[in-house]
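Next up is a structure, given as structure tokens.
The values are calculated or read from the model by the stated rules, or taken from the named source; none is laboratory data. These numbers come from a predicted model, not from an experiment. Counting neighbours? That spans all protein chains shown, and the Cβs are built from the backbone with ideal geometry, glycine included.
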Amino acid sequence: EAGVTQFPSHSVIEKGQTVTLRCDPISGHDNLYWYRRVMGKEIKFLLHFVKESKQDESGMPNNRFLAERTGGTYSTLKVQPAELEDSGVYFCASSLKEGARGAYNTEAFFGQGTRLTVV
Amino acid sequence: QKEVEQDPGPLSVPEGAIVSLNCTYSNSAFQYFMWYRQYSRKGPELLMYTYSSGNKEDGRFTAQVDKSSKYISLFIRDSQPSDSATYLCAMRGLITGGGNKLTFGTGTQLKVEL
């Protein structure tokens, strides 16, 4: 079974440019999450989709970040325009349908991350 | 103050040693406690989880949670060079619509040397 895949694995862009990150969750996983790790800091939650709907976007830093999940399948995270402080590793994770009993039923499987460098 | 505090290390131990990794937290709403292992350039991989207080053992790994002290631990027995990685503690509250929104520690970098 394929895991969570993210594209690209690494992106270097100039300040002011636009970048779009993509995440393909595990097939059948309704929940999709975006997290970010800025250098030297902990991994922080950005937002949560249930199918195509945004369930919680309380972690989104500002309106330069736009996340979408087309048809409840893959998701994109667009940063426009990118700033230096947006550099970091962006992780996507997916899990089974919310409400399933037990922590393992809702275990979040993470992708390998996209390392974004804004110069 | 961070919700979850974790010593970043690095921690270096000889092969075969017992490793103790710890996190403290401040949010009493946390009910599920996880340990993730992350190898370089990879995503976090769930290693252990515990619901509420108690111990859980899986092979060489033991997870402990003391909710009264807001303190969690991961013990690795007979450590191996392949255990060298960053270990992240993570936690969340009960599922009430927030899904699996996790709060992470900064991670402890572990190196097990031959």
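If a residue must be charged (D, E, K, R) and modelled with pLDDT under 95, how many such residues does region A:1-41 contain?
Residues in region A:1-41 being charged (D, E, K, R) and modelled with pLDDT under 95: 3 in total.
Go through (1) within 11 Å of chain A (Cβ to nearest Cβ); (2) exposed (fewer than 14 other Cβ atoms within 10 Å of the Cβ); (3) under 16 Å from the mean Cα position of the chain (by Cα) for B:LEU94 and report which single condition fails.
Answer for B:LEU94: the failing condition is (3).
If we only count strands (runs of 3 or more DSSP E) wholly inside region A:6-119, which ones have 3 or more residues that are surrounded by 17 or more Cβ atoms within 10 Å (Cβ to Cβ)?
Correct list: A:19-24, A:31-37, A:43-50, A:65-69, A:75-79, A:88-95, A:114-118.
Report, by residue number, each residue of region B:36-54 that is within 14 Å of the chain's Cα centre (by Cα) and under 12 Å from A:VAL89 (Cβ atoms).
B:GLN38, B:PRO44
I'm trying to understand the selection: among the residues of region A:106-119, which are modelled with pLDDT under 70 and more than 10 Å from chain B (Cβ to nearest Cβ)?
Residues satisfying the conditions do not exist here.
I've got another one for you. Kindly list, by first and then second residue, each pair from a residue in region B:67-78 that is crowded, with 16+ Cβ neighbours inside 10 Å to a residue that is of a type in the set (A, V, I, L, M), limited to pairs with Cβ atoms under 6 Å and residues at least 6 apart or on different chains.
That search, which allows pairs on different chains as well, returns B:ILE72/B:VAL65; B:LEU74/B:LEU21; B:LEU74/B:ALA63; B:ILE76/B:VAL19.
Can you name every residue in region B:31-57 that is facing chain A (nearest Cβ under 10 Å), of a type outside the set (Phe, Trp, Tyr) and touching a residue at least 40 places away in the same chain (Cβ under 8 Å)?
B:GLN31, B:MET34, B:GLN38, B:PRO44
Quick check on region A:63-71. Is at least one of its residues at positive phi, within 13 Å of chain B (Cβ to nearest Cβ) and modelled with pLDDT under 95?
Checked region A:63-71: no residue is at positive phi, within 13 Å of chain B (Cβ to nearest Cβ) and modelled with pLDDT under 95.
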